[in-house]
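Report on one structure; see the data block that follows.
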Amino acid sequence: MSLDVAQIRKDFPILATKMRGRPLVYLDTAASAQKPRAMIDAMSDFYATGYANIHRGVYKLSADATRRYDEVRVKVAKFIGSRDPREIVFVRNATEAINLVARSWGDAQIGKGDEIVVTAMEHHANIVPWQMLAARKEARLRVAEIHDDGTLDVSQLEGLLGPRTRLIAFTHVSNALGTINPVSEIASMARARGITTLVDGAQGVPHGPVDVHALGCDFYVFSGHKLFGPTGAGVLYAKHAILEAMPPFLGGGDMIERVSFKGTTYAHAPQRFEAGTPDIASVVGLGASIDYLETIGMQNIAAYEQTLLAYATEMLSKVPGLRIVGTAKQKAAVVSFVLEGVHPHDIGTVLDGEGIAIRAGHHCAQPLMERLGLPATARASFAFYNTTEEIDRLVAALAKTRELFA
């Protein structure tokens, strides 16, 4: 199936706007995706005609809101290949999901002298919580290195695994390089040694089909705002038996069975990890985004984005003085680059003047930048609403940038 990109673009109102007097070219989807009208309308309608708090009211409005919220849990489970909706915990974003695991599972399972393995390409959100856990528990954080092309050194990672290794936490897709990691291979390697795995799927879920059951990981996290949904709705997937064994992360309403001053008993997972009133409307919006994506098809989205990646790689490679950073054979639609003699922030500023939105900086991956010997890169990240014509505008603007700094 070929995508009708012209029609798809009409589904995203912001793409019809102008920036700096020019048609907007949005190439920063890896930071946060733009929103389809279907999601915007679903949230607006919920607030206008369907809003009530959930899981508490006996009246119809509350019951209907509860039903809509709980239906999204089922929808998310199906979308990522979970066979049990009880394996889906709603949080605000992937960062909160990782912190939840570090504070709950980590505090219970990691002890003095134990080891946690991460990779050199991780987002700060998949580094800092484990550093904090290691400091609390007097554990050790170990780092799996990458090759110069931005691929993970799987053999070196395997060499790090020992009798004290308790967790491997790694990204599905690098937000800074686009590298797609061999999740199933790493999960299998870990499982054979009794090691738990957590996968940061923030960049994986938006760009192709994900089946957590087939991947074989223990935890998988992602953010709704990168999945063309709203901010405020994120997802933690974990095998139900693992969730049931984990202590609560936050205390309060809706995560309890019974409260008394003699003691409190807690609800079963996933409610145990959803204390307080959630961002109900954002969860509804996330459900609408998933519905929208499924009408297009994640396989179709992945195939089209690969054509954009190939075209962008070819065209950017022709820009004099430009070097692409991260050249793995298996990549998502992300191209990081540097331009000789021009700081990435200056690239971003000049492109902004042309109505083109890219990301410039360390991409919340400072250890990766240090490994690459770079202070920062410019990054263009694509989605199924982008076009080759927009890539041509990017290339032309980069040529102009080079002339300005010659």
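Observations on the structure shown:
- The sole residue among ALA134, ALA52 that is of a type outside the set (Phe, Trp, Tyr), modelled with pLDDT of 95 or more, farther than 30 Å from ALA383 by Cα and part of a loop (DSSP other than H, G, I, E, B) is ALA52.
- Of all residues in the range 71-86 being among the charged types (D, E, K, R) and part of a loop (DSSP other than H, G, I, E, B), the one that is nearest to ALA52 (Cα to Cα): ASP84
- Test: residue in the range 344-363 that is out of contact with any strand residue (DSSP E or B) (no Cβ under 7 Å at 6 or more places or on another chain), on the phi > 0 side of the Ramachandran plot and touching a residue at least 24 places away in the same chain (Cβ under 8 Å): no
- Residue within the range 159-168 that is part of a helix (DSSP H, G or I), surrounded by fewer than 24 Cβ atoms within 10 Å (Cβ to Cβ) and in contact (Cβ under 8 Å) with a residue 40 or more places away in the chain present: yes
- Residues that are surrounded by fewer than 14 Cβ atoms within 10 Å (Cβ to Cβ) and either closer than 22 Å to ALA202 by Cβ or not aliphatic (A, V, I, L, M) (or both), drawn from the range 43-56: SER44, TYR47, THR49, ARG56
- Any chance ARG68 is in contact (Cβ under 8 Å) with a residue 12 or more places away in the chain, assigned to a helix (DSSP H, G or I) and under 18 Å from the mean Cα position of the chain (by Cα): no
- Members of the range 108-131 that are part of a strand (DSSP E or B) and closer than 30 Å to VAL335 by Cα: ILE116, VAL117, VAL118, THR119
- Residues in the range 216-236 that are in a helix (DSSP H, G or I) and either basic (Lys, Arg) or surrounded by fewer than 24 Cβ atoms within 10 Å (Cβ to Cβ) (or both): LYS226 alone.
- Any hit, the range 277-295, residues being among the aliphatic types (A, V, I, L, M), in contact with a Phe, Trp or Tyr (Cβ under 7 Å, 6 or more places away or on another chain) and closer than 20 Å to ALA6 by Cβ: yes
- Among residues of the range 232-254 that are over 30 Å from LYS35 (Cα atoms) and among the aliphatic types (A, V, I, L, M), those with a beta-carbon under 6 Å from a residue that is modelled with pLDDT of 95 or more and in a helix (DSSP H, G or I) at least six positions away or on a different chain give the pairs MET246/SER104; MET246/TRP105.
- Beta carbons closer than 8 Å, at least 6 apart along the sequence or on distinct chains, never pair a first residue in the range 119-143 that is outside the structural domain of LEU177 (by TED's automatic domain parsing) and of a type in the set (D, E, K, R) with a second that is exposed (fewer than 15 other Cβ atoms within 10 Å of the Cβ) and not in a strand (DSSP E or B).
- Within the range 263-305, the residues that satisfy the criterion of being over 18 Å from THR66 (Cα atoms), surrounded by fewer than 16 Cβ atoms within 10 Å (Cβ to Cβ) and more than 20 Å from the chain's Cα centre (by Cα) are GLY263, THR264, THR265, THR295.
- Residues of the range 87-96 satisfying the condition of being assigned to a helix (DSSP H, G or I) and of a type outside the set (Asp, Glu): ALA94, THR95
- All told, PRO206 meets the bar of being within 22 Å of the chain's Cα centre (by Cα), outside any strand (DSSP E or B) and surrounded by 22 or more Cβ atoms within 10 Å (Cβ to Cβ).
- Looking across the range 20-44, the residues that are within 21 Å of GLU294 (Cα to Cα) and charged (D, E, K, R) come down to LYS35, ARG37, ASP41.
- The set of residues from the range 109-133 being farther than 18 Å from ARG371 by Cα and of a type in the set (Asp, Glu) comprises ASP114, GLU115.
- Qualifying residue in the range 29-42 (condition: hydrophobic (A, V, I, L, M, F, W, C) and loosely packed, with under 12 Cβ neighbours inside 10 Å): no
- The range 185-197 residues that are over 10 Å from ILE168 (Cα atoms) and in the same structural domain as THR151 (by TED's automatic domain parsing), paired with ones that are at pLDDT 95 or above and exposed (fewer than 14 other Cβ atoms within 10 Å of the Cβ) (beta carbon under 9 Å, 6 or more apart): ARG193/GLY162; ARG193/PRO163
- 2 or more residues under 20 Å from ARG73 (Cα atoms), at pLDDT 95 or above and not assigned by TED's automatic domain parsing to the domain that holds PHE384: qualifying helices (runs of 4 or more DSSP H) within the range 237-347: 240-245, 280-296
- Filtered residue count, the range 373-406, keeping only those that are touching a strand residue (DSSP E or B) at 6+ places or on another chain (Cβ under 7 Å), closer than 24 Å to ASP200 by Cβ and without any contact (Cβ under 8 Å) to a residue 60 or more places away in the chain: 3
The values are calculated or read from the model by the stated rules, or taken from the named source; none is laboratory data. From a predicted model like this one, the values you see are computed outputs, not experimental measurements. Note: ideal-geometry Cβ built from the backbone for every residue, glycine included; neighbour counts use all protein chains shown.
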